[in-house]
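The values are calculated or read from the model by the stated rules, or taken from the named source; none is laboratory data. None of the values given here were measured: they were computed from a predicted structure. Note that we place each Cβ from the backbone using ideal geometry, even for glycine, and neighbour counts take in every protein chain shown.
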Amino acid sequence: MRPADLSGTDTFEALTRRWGPRYRWLLLLSVMVGTMASIMSSTIVNVAIPGMSSEFALGQERAQWVSSGFMVAMTVSMLTTPWLLARYGYRRVYDGTMLLLMAGGIAGGLASVFPLVLAARVAEGLAAGVVQPIPAIIILRAFAQDKQGRASGVFGMGVVLAPAIGPSIGGVLVDWFGWRSIFFMVVPFCVASLHLAHRFVPVTAPGGAAAQRGRRLDALGLAIATIGTLCLLNGLVAFHRGDRAAWALLPGAVAALAAFIAWERRLAGRGGEPLMDLRLFGHPSFTMGSIVAFIYGAALFGSTYLLPVYMQVALHLSPSHVGTILLPAGLVLAVTIPLVGRLADRRATHVLVSTGLALLAASFAFMFTVPADNPILPLVCWAVLGRIGLGFILPSLNIGSMRALHSSLIPQGSSTINFLRMLGGAAGVSLCGVVLEWRIAAHGDSLANAATGPGRIAAFDETFWMLAGVCALAMAAAWRLRPPVRRPASPE
């Protein structure tokens, strides 16, 4: 590939002249395919865990490392995206992440020992974390403000199809070809994405500047963020299990947060380049959007964990029934997102996000109406309602939170808000697990019992109500995303 400073043919402006007005959409398609591959790699592997556990004789805790290792790597690597883009430019970073993701998929599929599978998952997580903030950066820079919502909706429609359809395809592949086939699913997406990137992704850094190799990574900030993330995620798991280690790990996460903020302020004050620019939080809309992203991530990931457990453990539905029930909701989400994306160009962010959170809260709150003897239709209805709510949130939240940022802060804003959403997701999964076990014990039941009693159903209902309350809490922050009222100047 030609270096950015020697070629004027692969800049954003040159590519726009070459391809015309449609170029922005071709660029969006290019990053959408790669993001679909990264999201698919994060969700579809769960289908392969039983077969993998059997082949490598894994216990539940070791098997869980396949998911948790990916999540930790993805969460932390999101913070490096702005530095990588500024140092290497869009195309080199995008090519690198797709090659790493593809290598992880191939290595995981061919692995003969479990440590190699785990290493492959960590590599996939690193790639997925770097690539996921990039689309929002491109949408905010490449599209006019009155087209950003539409672009976000089109992008979101493509991306949500991956987790909606992926597990269903993955289940068939596992039945036909075994668990290794799951890892190879990302390979054709990565190949297609690399081809598109070499045609449509610019070589320049954000803002159209040439990549600057002299930029230094905030290694100490990254190390502190990694330690804090590991302490938080492992501490929440330990708290879920009732392990005393949680009382050391969770305060460690708080201490790491304090150290991270202090170091980032000190580095910025010395004229350095912090990993996270704390000036972001000087914008009220971004601060409120970050709070919403964290809480919304907790509700979303928590429900993604809780709903299948509820259907299998409380209602005794088979895994195939679970996939069938959730598939219509995923397809409805894919249709809702582009429709709401068009609204996002004309309607206030706080209205759309609050509406989505209200629908999501209602889908949780109404779970108590699901009858144990004939649950499928109500489950489909409430799952669809919740996904319609997500369709209102996804195209609106990131764009609305970052529109007020200076263009130089957009890469930092995208990586930060994605990082906080993932942290919220990890917290939400553990929160649901802790509350569920607490309420089941309070009702005198146990998950070790094969039969489902009224106490178990009540415990699940109360956990869903907790998620509804989390969404209501996020609504309070979402309403603060409304633009300030402009008062007419008083006469002299």
As an exercise: evaluate SER363 against (1) surrounded by fewer than 19 Cβ atoms within 10 Å (Cβ to Cβ); (2) assigned to a helix (DSSP H, G or I) and give the number of the one condition it does not meet. (1)
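Before we move on, is VAL93 touching a helix residue (DSSP H, G or I) at 6+ places or on another chain (Cβ under 7 Å) and of a type outside the set (Lys, Arg)?
Numbers: touching a helix residue (DSSP H, G or I) at 6+ places or on another chain (Cβ under 7 Å): yes; of a type outside the set (Lys, Arg): yes.
The answer is yes for VAL93.
Please pick out the residue among VAL187, VAL160, VAL191, VAL201 that is at pLDDT below 90 and hydrophobic (A, V, I, L, M, F, W, C). Please lay out each step first, then the result.
On the way: VAL187 fails: at pLDDT below 90; VAL191 fails: at pLDDT below 90; VAL201 fails: at pLDDT below 90.
Of VAL187, VAL160, VAL191, VAL201, the one residue that is at pLDDT below 90 and hydrophobic (A, V, I, L, M, F, W, C) is VAL160.
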Could you grab me the full set of residues in the range 390-439 that are charged (D, E, K, R) and either under 21 Å from GLY356 (Cα atoms) or in contact with an Asp or Glu (Cβ under 6 Å, 6 or more places away or on another chain) (or both)? ARG403, ARG421, ARG439
Suppose we filter the range 261-277 for residues that are at pLDDT below 90, surrounded by 12 or more Cβ atoms within 10 Å (Cβ to Cβ) and part of a helix (DSSP H, G or I); how many remain? 1
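What helices (runs of 4 or more DSSP H) lie completely within the range 33-134 and have 2 or more residues being among the aromatic types (Phe, Trp, Tyr) and in contact (Cβ under 8 Å) with a residue 60 or more places away in the chain? Give the derivation first.
Numbers: elements: 49-56, 60-77, 81-110, 114-131.
Fully inside the range 33-134 and qualifying: 81-110.
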From the set of residues in the range 212-229 that are under 20 Å from GLN132 (Cα atoms) and among the hydrophobic types (A, V, I, L, M, F, W, C), which is modelled with the lowest pLDDT? LEU217
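Yes or no, residue by residue, for (1) of a type in the set (A, V, I, L, M); (2) at pLDDT 85 or above:
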site	(1), (2)
GLY389	no, yes
GLY433	no, no
ALA450	yes, no
ASP461	no, yes
Could you tell me how many of the residues in the range 429-454 are crowded, with 17+ Cβ neighbours inside 10 Å, part of a helix (DSSP H, G or I) and not β-branched (Val, Ile, Thr)? 7
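Only one residue in ARG87, ARG141, ARG150, ARG92 is at pLDDT 90 or above, closer than 25 Å to GLY207 by Cα and surrounded by fewer than 24 Cβ atoms within 10 Å (Cβ to Cβ), so which one is that?
Working: ARG87 fails: at pLDDT 90 or above; ARG141 fails: at pLDDT 90 or above; ARG150 fails: at pLDDT 90 or above.
That would be ARG92, the only listed residue that is at pLDDT 90 or above, closer than 25 Å to GLY207 by Cα and surrounded by fewer than 24 Cβ atoms within 10 Å (Cβ to Cβ).
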List pairs: first in the range 453-469 and farther than 13 Å from SER363 by Cβ, second of a type in the set (S, T, N, Q), Cβ under 9 Å, 6+ apart or cross-chain? ARG456/SER446; ARG456/ASN449
